[in-house]
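Participant: Got a structure for you, questions after.
A short reminder: the numbers here are calculations on the coordinates, not readings from a lab. The structure displayed is predicted, hence computed values, not measured ones. All Cβ positions, glycine included, derive from the backbone under ideal geometry; neighbour counts span all protein chains shown.
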Amino acid sequence: MSATTWLIVPAAGQGKRMGAALPKQYLTLTGAPILAITLARLHAALPHARLVLCLDEQDRWFDPAWVPFTRWQRVSGGAERMDSVLNALQAIDAAGDDVVLVHDVARPCVSVEDLCALEQAAKQYAGGALLAMPVADTMKRESRDGTSARTESRDGLWHALTPQGFRYALLCQALGHARKHETLVTDEASAVEALGHRPKLVSGRRDNLKVTHPDDLALAAAILAAQREQSRT
Ligand code: C5P
């Protein structure tokens, strides 16, 4: 029997940096809430996956009609992103070698091709895999007074994106270890690296933007419109 693919989507954040009246995953882009767009993308690439959606217990905006997956469940979010993901891991009845992909709800522009490539890599590499892109800009180290102290080499530096995918047993072990040692990790790969594993960097598209700040909204809308146009040609 082949391993099941699980898809954890942490969507319990408040999106405070956005400064909006509602959490950013419910802001509208090209006529639909970000959460609905992200789930539609994930479903287009991974219709066979079992979805676990992490939502805040007080969430007043979620509509189950936005979920295109047939097999899905809702779990409560935690205080931090990693707590939300841990809640999801604890709630599912997965086998140790099942593959778990974790994707931030705030990345609605992820492409179907990248999602499929990442699922394959997560199955192939023992240490798991993450979408990532090489750093293009010159990198500066800030000094305490907000001036540039020096230029850091960008050789071998990558931006970590999502999804990131690992075998269920490894991800449980890694996030469990991070919690035990009170290490706050902002992605799954850093928890896995802390155990000595080396997740595969899968080069992803540069337009897999995480909507974080208000000016990201117009950018994400333009990316979605351009992608739609490309898929028509
Ligand atoms: O705030 P940021 O964009 O870094 O959050 C990354 C992802 O983690 C988002 O999809 C957000 O909804 C989710 N999150 C969560 N639980 C939290 C904090 C963030 O599911 N407590």
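Participant: Just one of the numbered conditions (1) in a strand (DSSP E or B); (2) touching a His at 6+ places or on another chain (Cβ under 8 Å) is not true of L161; which one?
Facilitator: Against the list (1) in a strand (DSSP E or B); (2) touching a His at 6+ places or on another chain (Cβ under 8 Å), L161 comes up short only on (2).
Participant: Restricting to the range 179-200, and then to whatever is part of a helix (DSSP H, G or I) and more than 29 Å from S111 (Cβ to Cβ), can you tell me which residue is nearest to the chain's Cα centre (by Cα)? Can you show your working first?
Facilitator: Restricting attention to the range 179-200, the residues satisfying the condition of being part of a helix (DSSP H, G or I) are 179-180, 188-193.
Filter once more, so that each one left must be more than 29 Å from S111 (Cβ to Cβ): 179-180.
Numbers: R179: 19, K180: 23 Å.
Here the answer is R179.
Participant: Of the residues A3, A45, which is more than 16 Å from the ligand (Cβ to nearest atom) and under 18 Å from the mean Cα position of the chain (by Cα)? Give the derivation first.
Facilitator: Details: A3 fails: under 18 Å from the mean Cα position of the chain (by Cα).
Step by step, each of A3, A45 is checked, and only A45 is more than 16 Å from the ligand (Cβ to nearest atom) and under 18 Å from the mean Cα position of the chain (by Cα).
Participant: In the range 74-83, which residues are in a strand (DSSP E or B) and either free of Cβ contacts under 8 Å to residues at least 40 places away in the same chain or crowded, with 18+ Cβ neighbours inside 10 Å (or both)?
Facilitator: Kept after step one, since they are in a strand (DSSP E or B), are these residues of the range 74-83: 74-76.
Result: R74, V75.
Participant: Checking A40 against (1) within 14 Å of V100 (Cβ to Cβ); (2) outside any loop (DSSP other than H, G, I, E, B); (3) touching a Phe, Trp or Tyr at 6+ places or on another chain (Cβ under 9 Å); (4) of a type outside the set (D, E, K, R), only one condition comes out false. Which one?
Facilitator: (1) is the only condition that A40 fails.
Participant: Just to be sure I understand the filter: pairs with C-beta atoms under 8 Å, separated by 6 or more residues or on different chains, first member in the range 2-16 and closer than 21 Å to H48 by Cβ, second member more than 7 Å from the ligand (Cβ to nearest atom) and of a type in the set (D, E). Which pairs pass?
Facilitator: That search, which allows pairs on different chains as well, returns A3/D97; A3/D98; T4/D98; T5/D98; T5/E119; W6/D98.
Participant: Could I ask something else about it? Can you list the strands (runs of 3 or more DSSP E) lying wholly within the range 104-157 that have 3 or more residues being touching a residue at least 60 places away in the same chain (Cβ under 8 Å) and in contact with a helix residue (DSSP H, G or I) (Cβ under 9 Å, 6 or more places away or on another chain)? Working first, answer last.
Facilitator: Details: elements: 129-134, 139-142, 148-152.
It comes to 129-134.
Participant: Given (1) closer than 30 Å to H48 by Cβ; (2) touching a strand residue (DSSP E or B) at 6+ places or on another chain (Cβ under 7 Å); (3) among the β-branched types (V, I, T), identify the lone condition not met by T138.
Facilitator: (1)
Participant: Based on this model, can you work out whether E193 counts as of a type in the set (D, E) and touching a strand residue (DSSP E or B) at 6+ places or on another chain (Cβ under 9 Å)?
Facilitator: Details: of a type in the set (D, E): yes; touching a strand residue (DSSP E or B) at 6+ places or on another chain (Cβ under 9 Å): no.
So E193 does not fit the description; no.
Participant: Has the range 100-122 got any residue that is within 15 Å of the chain's Cα centre (by Cα), under 14 Å from V202 (Cβ atoms), surrounded by fewer than 16 Cβ atoms within 10 Å (Cβ to Cβ) and not basic (K, R)?
Facilitator: Within the range 100-122, one or more residues are within 15 Å of the chain's Cα centre (by Cα), under 14 Å from V202 (Cβ atoms), surrounded by fewer than 16 Cβ atoms within 10 Å (Cβ to Cβ) and not basic (K, R).
Participant: Something else: Any idea which of A91, A49, A36 is touching a strand residue (DSSP E or B) at 6+ places or on another chain (Cβ under 7 Å) and either buried (at least 17 other Cβ atoms within 10 Å of the Cβ) or β-branched (V, I, T) (or both)?
Facilitator: On the way: A91 fails: either buried (at least 17 other Cβ atoms within 10 Å of the Cβ) or β-branched (V, I, T) (or both); A36 fails: touching a strand residue (DSSP E or B) at 6+ places or on another chain (Cβ under 7 Å).
When all the criteria are applied, what remains is A49.
Participant: Here's a follow-up. Which condition number in (1) over 24 Å from A220 (Cβ atoms); (2) touching a residue at least 60 places away in the same chain (Cβ under 8 Å); (3) more than 10 Å from the ligand (Cβ to nearest atom); (4) not in a helix (DSSP H, G or I) is the one that L86 fails?
Facilitator: Condition (4) is where L86 drops out.
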